[in-house]
Ligand code: IVH
């Protein structure tokens, strides 16, 4: 028998030399496999906890038998112990992302939308800051009493990883601040310069280590080292550009606040400017773009922010992005290569997506061999309205195609050069049946996408639904990634989400056991069962998002969950809305951000018998947590239904609505018996009359502002 996978639980103090040698060999193989699975497939084969424990066991055996330490000892692997075992930190203020602008018109539109929201006339002065968008990874640094006490990565925006030990090794990050507020969270970007990146890759190659695709990956990989000494050896830098919690304001404007961070000792970007109009912003963008290649570090656009912090405060946030800032991205990077084939992938909602298989080509520092071709019309040279694109040229296998990628998004095929089209190249024949299950693939009128009609019988849809179910924004089960889901599905261990929660009953003991599967062991199996159990208690919004219903994304799931509160109320509401008319339907489509398409999709999924039975089986396994609005303690309108009518003079309707919602109120467009409060400005008509008839409390705008003052 080989030593592979034969790591043991034997007491290290009683190991014989022979046993120790065999086990060190086994550990080396197992940890190397785990590393490569983690790095190359983004689908760990063992849990982080098990990885750590194996690594510790390896080190302990080496300590007892120093002469047995192997040349390829996992203890010496640079760049290996990543992402295992960082503690989690809940951000006191969420770390959000930015909306994007791609054109001058988008920048103009940003200015317009800010003015509209604030009710500022187009001639009124409005200042913005403009600064480079650094292509690294964001970090939040918490100082208390002037001392750096915590550093966290962005993570999912709400919860990040505790990387304090690593942050302490970065020279650009001060450990002590003089003259800072008692509590100060500084946010900014960790990045690596081009020169440092090139030198690091050279060193890595010399040592036979892994080289990095680009400076951002190198910075991220370096920041997520469990061993801070490795981070120290990597030349990381930091620019400060924002803040989270602060016990005292840093200034009255973005500009002043950033200057303050500079005076406290942070690096702030020297290309930051104040601009008085979209024209000035665009001019500065062009200026930064012209200097881009000479900067010595990667940037991927320019960020504009409303300068006045009291306006930022009023503008607030959409679900994941601030209204007061936008990222103006640089145009995507381009390259030409040969289209070697077109594969059809079947997604979670049955969509047949054509994927270009390309002769590998480097686009902006990353090797690309696949790119999306969107849909069948796109291949034909038509847009979603049937109009010609690319001058009507279709795309055929063998053609030279232009590939582009922007930031992290999936590369796309943008253009085709047919001047050297190979003789005999045929137009692509888009399949009319699902390549995975053979069911008809149909295109509904108005849908750009052809979809498999196989539903749950289609293995591709089922497995994609499962992958979505375990994904980070949904159930996020430690140790159960896309790869494991594919394997379990392939072997018939799980066919639908409910099966995940019965895995232990079926494979925790008995003849066929998880721990005996290739790549699994006692510890990893136990850890997986625990991780699954841990997620039985699940927030309503995650559950809804996890169901993978078409059109129902993460932000919508949040809104829907907040609206109904509990699973029972949601299921009842959606069931009653089945006929797409009546009060339950009106209630559903009244949810902010909901349209008839999304509502129809939700109602349809709940009404479809097989799908519903599968959802019900899942619910039986879960303890669904009630959705509650964020901290609205002290809010006099939490849980109340508020209607605004008439003209508001101190804020726009959009601002009033967003503010009320932030305080936990539901804002409705019409007065009914369910209305708790009417805020009526001048010119209020029938709504005010109806409210008076129903005896509903009514306030004018000043009364409303007084009610919510200081909140
Ligand atoms: S401001 C509330 N400024 O871009 C949002 N972000 O796409 C505050 N980034 O997560 C972010 N350079 O990691 C801001 N000058 C800059 C930036 C910047 C890079 C990153 C940041 C953010 C991401 C959003």
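Pairs are defined by a Cβ separation below 7 Å, a sequence spacing of at least 6 or placement on different chains, a first member in the stretch 287-307 that is at positive phi and more than 8 Å from the ligand (Cβ to nearest atom), and a second member that is part of a strand (DSSP E or B) and modelled with pLDDT under 95; the pairs so defined are 301/329.
Answer yes if at least one residue in the stretch 334-348 is within 16 Å of the ligand (Cβ to nearest atom) and part of a loop (DSSP other than H, G, I, E, B), and no otherwise.
The initial filter retains those residues of the stretch 334-348 that are within 16 Å of the ligand (Cβ to nearest atom), namely none.
Checking the stretch 334-348: not a single residue is within 16 Å of the ligand (Cβ to nearest atom) and part of a loop (DSSP other than H, G, I, E, B).
When the stretch 548-558 is filtered for residues that are touching a residue at least 60 places away in the same chain (Cβ under 8 Å) and crowded, with 21+ Cβ neighbours inside 10 Å, only 548 remains.
With the structure loaded, tell me whether residue 458 is touching a strand residue (DSSP E or B) at 6+ places or on another chain (Cβ under 6 Å), buried (at least 19 other Cβ atoms within 10 Å of the Cβ) and under 28 Å from residue 341 (Cα atoms) or whether it fails that test. Can you show your working first?
Values: touching a strand residue (DSSP E or B) at 6+ places or on another chain (Cβ under 6 Å): yes; buried (at least 19 other Cβ atoms within 10 Å of the Cβ): yes; under 28 Å from residue 341 (Cα atoms): yes.
Judged against the criteria, residue 458 is a match.
From the list 617, 629, 578, the lone residue that is touching a residue at least 60 places away in the same chain (Cβ under 8 Å), over 30 Å from residue 323 (Cβ atoms) and surrounded by fewer than 18 Cβ atoms within 10 Å (Cβ to Cβ) is 617.
Being closer than 23 Å to residue 320 by Cβ and assigned to a helix (DSSP H, G or I) is a description that applies to residue 557. In the stretch 201-215, the qualifying residues are those that are under 19 Å from residue 364 (Cβ atoms) and out of contact with any helix residue (DSSP H, G or I) (no Cβ under 6 Å at 6 or more places or on another chain), and the one that is farthest from the ligand (Cβ to nearest atom) is 201. Of all residues in the stretch 443-456, those that are within 19 Å of residue 374 (Cα to Cα) have Cβ atoms under 7 Å from Cβ atoms of residues that are modelled with pLDDT under 95 and exposed (fewer than 15 other Cβ atoms within 10 Å of the Cβ), 6 or more apart or on another chain, in 448/384.
Just so you know, in the stretch 354-372 the residues that are without any contact (Cβ under 8 Å) to a residue 40 or more places away in the chain and under 25 Å from residue 459 (Cα atoms) include one that is farthest from the ligand (Cβ to nearest atom), and it is 357.
Find the residue count for the stretch 134-151, including only residues that are outside any strand (DSSP E or B) and away from the ligand (no atom under 13 Å from the Cβ). It would help to see each step written out before you state the result.
If we filter the stretch 134-151 for residues that are outside any strand (DSSP E or B), which is where we start, we get 135-136, 145-146.
Now restrict to residues that are away from the ligand (no atom under 13 Å from the Cβ): 145-146.
Within the stretch 134-151, residues that are outside any strand (DSSP E or B) and away from the ligand (no atom under 13 Å from the Cβ) number 2.
Check whether at least one residue in the stretch 392-401 is without any contact (Cβ under 8 Å) to a residue 12 or more places away in the chain, more than 16 Å from the ligand (Cβ to nearest atom) and out of contact with any strand residue (DSSP E or B) (no Cβ under 7 Å at 6 or more places or on another chain), and report yes or no. Yes, the stretch 392-401 has at least one match.
Given the options 126, 98, 120, name the one that is buried (at least 17 other Cβ atoms within 10 Å of the Cβ) and more than 27 Å from the chain's Cα centre (by Cα). Break it down stepwise before answering.
Numbers: 98 fails: more than 27 Å from the chain's Cα centre (by Cα); 120 fails: buried (at least 17 other Cβ atoms within 10 Å of the Cβ).
On inspection, the qualifying residue turns out to be 126.
Does residue 111 meet the test of being surrounded by fewer than 18 Cβ atoms within 10 Å (Cβ to Cβ), under 30 Å from residue 295 (Cα atoms) and at pLDDT 95 or above? It is false that residue 111 is surrounded by fewer than 18 Cβ atoms within 10 Å (Cβ to Cβ), under 30 Å from residue 295 (Cα atoms) and at pLDDT 95 or above.
Of all the listed residues (131, 161), the sole one being within 16 Å of the ligand (Cβ to nearest atom), under 24 Å from residue 473 (Cα atoms) and either in contact with a strand residue (DSSP E or B) (Cβ under 8 Å, 6 or more places away or on another chain) or at pLDDT below 95 (or both) is 161. Out of 187, 154, which single residue is buried (at least 19 other Cβ atoms within 10 Å of the Cβ), more than 21 Å from residue 212 (Cβ to Cβ) and within 15 Å of the ligand (Cβ to nearest atom)? The unique qualifying residue is 187.
Scanning the stretch 684-704 for residues that are closer than 17 Å to residue 656 by Cα and either surrounded by fewer than 12 Cβ atoms within 10 Å (Cβ to Cβ) or out of contact with any strand residue (DSSP E or B) (no Cβ under 9 Å at 6 or more places or on another chain) (or both) yields a single hit, 702.
Identify, please: which residue in the stretch 85-128 is assigned to a strand (DSSP E or B) and out of contact with any helix residue (DSSP H, G or I) (no Cβ under 7 Å at 6 or more places or on another chain) and is, among those, nearest to the ligand (Cβ to nearest atom)? Break it down into steps so the answer makes sense when it comes.
First, pick out the residues of the stretch 85-128 that are assigned to a strand (DSSP E or B): 88-90, 100-101, 128.
Keeping just the survivors that are out of contact with any helix residue (DSSP H, G or I) (no Cβ under 7 Å at 6 or more places or on another chain) gives 88-90, 100.
On the way: 88: 18, 89: 16, 90: 17, 100: 8 Å.
My answer is 100.
Residue 141 satisfies every condition listed in (1) crowded, with 19+ Cβ neighbours inside 10 Å; (2) more than 30 Å from residue 288 (Cα to Cα); (3) in contact with a helix residue (DSSP H, G or I) (Cβ under 8 Å, 6 or more places away or on another chain) except (2). When restricted to residues that are closer than 21 Å to residue 390 by Cα and touching a helix residue (DSSP H, G or I) at 6+ places or on another chain (Cβ under 7 Å), the stretch 415-468 contains 5. Would it be correct to say that residue 503 is closer than 24 Å to residue 462 by Cβ, out of contact with any helix residue (DSSP H, G or I) (no Cβ under 6 Å at 6 or more places or on another chain) and buried (at least 21 other Cβ atoms within 10 Å of the Cβ)? Taking the combined requirement at face value, the residue does not satisfy it. Selection within the stretch 254-286: residues that are touching a residue at least 12 places away in the same chain (Cβ under 8 Å), within 15 Å of the ligand (Cβ to nearest atom) and assigned to a loop (DSSP other than H, G, I, E, B). The member of this set that is nearest to residue 184 (Cα to Cα) is 266.
For the stretch 578-601, the criterion of being under 15 Å from residue 543 (Cα atoms), at pLDDT 90 or above and within 26 Å of the chain's Cα centre (by Cα) is satisfied by no residue at all.
Yes or no: the stretch 313-328 includes at least one residue that is on the phi > 0 side of the Ramachandran plot and within 16 Å of the ligand (Cβ to nearest atom).
As a first pass, look at the stretch 313-328 and keep what is on the phi > 0 side of the Ramachandran plot: 316.
Subsequent filtering for residues that are within 16 Å of the ligand (Cβ to nearest atom) retains 316.
Within the stretch 313-328, one or more residues are on the phi > 0 side of the Ramachandran plot and within 16 Å of the ligand (Cβ to nearest atom).
The values are calculated or read from the model by the stated rules, or taken from the named source; none is laboratory data. Keep in mind that what you see is a predicted model, and the values were worked out from it rather than measured. Ideal geometry is used to build each Cβ from the backbone, glycine not excepted, and the neighbour counts take in all protein chains shown.
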